[in-house]
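Quick notes on the structure that follows.
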Amino acid sequence: MDRLVFLLATGLARGAVLALFALSLVIVWRAARAVNFAQAAMAVCAVYIAFALTAASGSYWLGLAGGLAAGAALGAAVERGLMRRLPHLTPLPGMICAIGLVMVLQSGLAIAFGPEHRPMRPPFSQSPFVIGGVPVLSPYDLFVLVTAAAVMGALALLFAGTSLGLRLRAAAFAPETSRLLGVRVPRMVTIGWALSVAAAALAAILLVPTELGLNPHAADLLFVNAFAVAVIGGLDSPAGALAAGLGVGVLVSLTTGYVSASAAPLAVLALLTAVLLLRPGGLFAAREARRA
Amino acid sequence: MSALTVDRLTVGYGDGAPVVADLSLDLPDGAVLALLGANGAGKTTLLRALTGLVPARGGRVLLDGRDLTGLSTEDRVRRGLALVPEGRSVVVELTVEENLRLGALWRHRGPARARAVAAAYELFEPLARRRHAAGHTLSGGERQMLALARALIAEPAVLLLDEPSLGLAPLVVAQLLGVLRDTAERTGLTVLLAEQNVTGALSVADRGVVLSLGAVVADRPAAALAADPALRHAYLGF
Amino acid sequence: MRTLLRAALITLLAIAATFGLDPFRNYQLATAAGVFAAVAGLTVLIGLTGQLSLGHAVLMAAGGYGYAATATAVDAAAPDAGPAALLAGLAGAAAASGALGLLLGMAAARLRGPYLAGLTLALVIALPSAANVLPLGGEQGLSAPFLPVPEALSALIAVEQWHAWLAILISAAAVTPLVLLRAGRPGLRMRAVLGDETAAALAGVRPGPVKTAAFVASAVPAGLGGAVLAVATQQVTPGGYGLAFSLTLVVAAVIGGLGSIGGAAIGAVLVVALPWLVDTAVEAVPADLGQRLNGNLAVLLFGAVVIAATLARPDGAAGLLARLRRPTPAAPTPATPSTNTER
């Protein structure tokens, strides 16, 4: 029972990170109708920058801010420099280009920083609070939950309650009509990418201290899991990303705890396959079917 | 002073034959012009080229004397050109209120936006009743009303409309065209109304221009066009 | 038929070439032949049906495991049965990869591009776990029987050359059907589905089964390619078929031009030769940097080439697709992320 509580709590914390990363995929999907397969690689770049800033300045918070800024800048740069120049009749060129980008970024990081896993020190303790004799969440887990929730809330507010958010949504739903209403659609797409990669960077920054260490492949598993989450929740549903993120986070935690760590990817794969085959629209999907 | 001048415009798709060929047109300030012609005559292509949604192969478009060549669609809109496209152009994922607000964003700032939206509700009462309804729950008539209101909220200098009456009941059409005519008279708006609904269009327009195979074949005062059976028969088929 | 003659000729030329190569080069050739089979399948899949599979390495692995398990079993049961182990192994490889390809293909038929790519990606990441859970020998993997040079030839050729011959023959056998398929009616059906699914369906070509069949048709050569690698290295491990390798297969397909089998050959040779070339060049570089460049520089170059290829001829990746679609009347201006979801 104790174990269950602990696993559930940790699962929620991990799930919050997953949900945030999945949300970043939803944002870029909505903005550009593209699944950014390079999201993890770009996020890890931002984490390296955060790491370097923290090492240089001694401040975690400076590193965090820098990492977010780097993520946003990277997202904007990739959209303007690369993705914009590709034809969008089919998603294929975008996906292939993203794969090339992954290879360049990950090998570039490995060349620049080496393959060593660099441990990242979290700003709060990772030993769990003990409530009534039961280890629950650690201060860091709590920080992760709060931060992820706050950011997701802020993004929701941005999109639903501000003029910029209205323009972003309109540009994503109906680009041509939006242009006829004076919306600078290309700029909105760039902003969408910047927001998306910044959110992914934050998720990665929150995740890495709990893993073995920062390395060029630190976010690969996160990407695959988050992609599964986004798909399960429905690629254009932020609420779906949240619910599915928490759900998958708990699933991974329980599988790791009760079976083994290496069984977790299989569990996620099984769930993903099941959802894709049974409810191709995703559990919360809004409009577009993923029918080929 | 011409609100809109089209100077020898040629538009085509891909490598095909031009859909609009060497077309010239003049829209005086405050005029309401009906653009008529059969399906495939080039009305939609012309309107899309004027707004920059389709690139022109040759010729120029002048808005209030200024050349629009090379400007993106959104930049042309911000110079005062507006288009209510064919079909339902309401953003169905957004509410009525959001659609209107969207239209007002570039023109108005701060509290002026809310005022502009309120003014739109006064002009189009049925929309006020549905202000928080999602776009996809609106009827055809309501959507077209919303599309029109949304275009007007930005106070354009020149308004282009592509077959606004398509698929709508006659009563609704009459209502819409009436609002359009009134607004044009009140604000001095210049209107180019592309329509297959000839009677309706000619009833609100000053002049009628008939397009056939991408070229202008008739340019007459609306009343004359409506009254002359030979003209109507030759170009409009009835 | 002309195609068969051409295939035979190319095969003979390749075999002749092995006489001019040293043992290590022959080993590389064998590897390239295996990779070629997989890339050929992949390039036909992407080029002709637009389905991006990021997990073809897993199909190769399936073939490899199938080969290893079957060949080892037959070898144990009948040690002196000549080519029986090899042939049984190949059958096992084809069966395993075909089965997995069928499953994936059925999923693929229901999924649009990014979703299929994501699913195959998840599959690749899950391979090490699967190797632990299924009886696949975990991280150590399975071993495949060593195939010695037959008595009759042992005076003529060395073992690496023998393996190269086997590799060439197996790959030729795996790829030739693809060439025929591509040129024949199945290829036509695939292209019809790619161009316009609705129109194809109306013409009596069912998109779902065509896509599934295409997947299986690309999976079996991949599996045989995996068998080739098992012949050359005598082992199958999950580490040999990871994400990087799977992406490399896509790179090879893109470099050669999607849909082109000849291009697949070029791509395969490149992805086998370039890392080796780069690593040799890197040896001249001081130790620490050299260590880091090792393996990574090649990947960096590949990535850059892929990006450049997609930018320079976005047609190259999508050209085949664009040419098949009827020209759409509304040409979107280049700066917009045009979508088809406008109402």
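The values are calculated or read from the model by the stated rules, or taken from the named source; none is laboratory data. Note that the coordinates shown come from a computational prediction; the quantities given were computed from them, not determined experimentally. Every residue, glycine among them, receives a Cβ derived from its backbone with ideal geometry; neighbour counts consider all protein chains shown. Areas reflect the complete protein model, heavy atoms only, side chains present, ligands, DNA and RNA absent. Shrake-Rupley method; radii C 1.70, N 1.55, O 1.52, S 1.80 Å.
Points to keep in mind about this one:
- Qualifying residues in region A:250-272 (those that are of a type in the set (V, I, T) and open to solvent by 30 Å² or more (accessible area, probe 1.4 Å)) - the one nearest to the other protein chains (Cβ to nearest Cβ): A:V259
- Just one of the listed residues (C:L100, C:L121) is over 21 Å from C:A69 (Cα atoms), within 14 Å of another protein chain (Cβ to nearest Cβ) and crowded, with 19+ Cβ neighbours inside 10 Å, and it is C:L121.
- So A:A43, is it within 30 Å of A:T255 (Cα to Cα) and either out of contact with any helix residue (DSSP H, G or I) (no Cβ under 7 Å at 6 or more places or on another chain) or of a type in the set (A, V, I, L, M, F, W, C) (or both): yes
- Annotation note: of C:A30, C:A8, C:A17, the sole residue that is in contact with a helix residue (DSSP H, G or I) (Cβ under 7 Å, 6 or more places away or on another chain), part of a helix (DSSP H, G or I) and either free of Cβ contacts under 8 Å to residues at least 12 places away in the same chain or not acidic (D, E) (or both) is C:A30.
- Of all residues in region B:77-100, those satisfying the criterion of being in a helix (DSSP H, G or I) and surrounded by 23 or more Cβ atoms within 10 Å (Cβ to Cβ) are B:V77, B:V96, B:N99, B:L100.
- Residue within region A:47-56 that is closer than 27 Å to A:L251 by Cβ, under 18 Å from the mean Cα position of the chain (by Cα), more than 10 Å from chain C (Cβ to nearest Cβ) and buried (at least 19 other Cβ atoms within 10 Å of the Cβ) present: yes
- Candidates B:A205, B:A184, B:A201, B:A215: the one that is in contact (Cβ under 8 Å) with a residue 40 or more places away in the chain, touching a strand residue (DSSP E or B) at 6+ places or on another chain (Cβ under 6 Å) and more than 30 Å from A:S178 (Cβ to Cβ) is B:A215.
- Odd one out for B:D67 among (1) over 16 Å from B:E163 (Cβ atoms); (2) within 14 Å of another protein chain (Cβ to nearest Cβ): (2)
- Just so you know, in region C:130-160 the residues that are surrounded by 15 or more Cβ atoms within 10 Å (Cβ to Cβ) and either at pLDDT 85 or above or under 18 Å from C:M60 (Cβ atoms) (or both) include one that is farthest from the chain's Cα centre (by Cα), and it is C:G137.
- When A:L109, A:L155, A:L74 are checked against the criterion of being buried (at least 22 other Cβ atoms within 10 Å of the Cβ) and either in contact with a Lys or Arg (Cβ under 6 Å, 6 or more places away or on another chain) or more than 10 Å from chain C (Cβ to nearest Cβ) (or both), a single residue qualifies: A:L74.
- Meeting the requirement of 3 or more residues that are at pLDDT 90 or above, in contact with a Gly (Cβ under 8 Å, 6 or more places away or on another chain) and among the small types (G, A, S), the helices (runs of 4 or more DSSP H) wholly within region A:131-249 are A:185-207.
- Of the criteria (1) in contact (Cβ under 8 Å) with a residue 60 or more places away in the chain; (2) open to solvent by 40 Å² or more (accessible area, probe 1.4 Å), which one B:G42 fails: (2)
- Sole residue being under 18 Å from B:P85 (Cα atoms) and crowded, with 21+ Cβ neighbours inside 10 Å, chosen from B:L192, B:L166: B:L192
- Each residue in region A:31-90 was checked for being in a loop (DSSP other than H, G, I, E, B) and under 29 Å from C:R313 (Cβ atoms), and 12 pass.
- Of all residues in region B:179-189, none satisfies the criterion of being closer than 15 Å to B:V84 by Cβ, open to solvent by 10 Å² or more (accessible area, probe 1.4 Å) and not in a helix (DSSP H, G or I).
- Taken as a whole, region A:200-211 holds no residue that is closer than 30 Å to B:R48 by Cα, more than 14 Å from chain B (Cβ to nearest Cβ), open to solvent by 20 Å² or more (accessible area, probe 1.4 Å) and touching a residue at least 60 places away in the same chain (Cβ under 8 Å).
- The condition of being out of contact with any Phe, Trp or Tyr (no Cβ under 7 Å at 6 or more places or on another chain), open to solvent by 50 Å² or more (accessible area, probe 1.4 Å) and within 14 Å of chain A (Cβ to nearest Cβ) holds for only one of B:A134, B:A151, B:A114, B:A120, that being B:A114.
- Given (1) buried (at least 19 other Cβ atoms within 10 Å of the Cβ); (2) among the polar types (S, T, N, Q); (3) more than 22 Å from B:Q144 (Cβ to Cβ), number of the condition B:S2 does not satisfy: (1)
- Considering region C:194-209, the residues that are more than 22 Å from A:P91 (Cβ to Cβ) and touching a helix residue (DSSP H, G or I) at 6+ places or on another chain (Cβ under 9 Å) include one that is surrounded by the most Cβ atoms within 10 Å (Cβ to Cβ), namely C:V205.
- Tallying residues that are facing another protein chain (nearest Cβ under 10 Å) and within 16 Å of C:M60 (Cα to Cα) within region C:252-265 yields 1.
- Within region A:106-118, the set of residues being under 22 Å from C:L54 (Cα atoms) and out of contact with any Pro (no Cβ under 8 Å at 6 or more places or on another chain) comprises just one member, A:G108.
- Among the residues of region A:78-89, those identified as open to solvent by 20 Å² or more (accessible area, probe 1.4 Å) and in contact with a helix residue (DSSP H, G or I) (Cβ under 9 Å, 6 or more places away or on another chain) are A:R80, A:L82, A:R84, A:R85, A:P87, A:H88, A:L89.
- Scope region B:91-103; condition facing chain A (nearest Cβ under 9 Å) and either charged (D, E, K, R) or closer than 24 Å to B:T190 by Cβ (or both); matching residues: B:E93, B:E98, B:N99, B:R101, B:L102, B:G103
- Test: residue in region C:105-114 that is in a loop (DSSP other than H, G, I, E, B) and hydrophobic (A, V, I, L, M, F, W, C): yes
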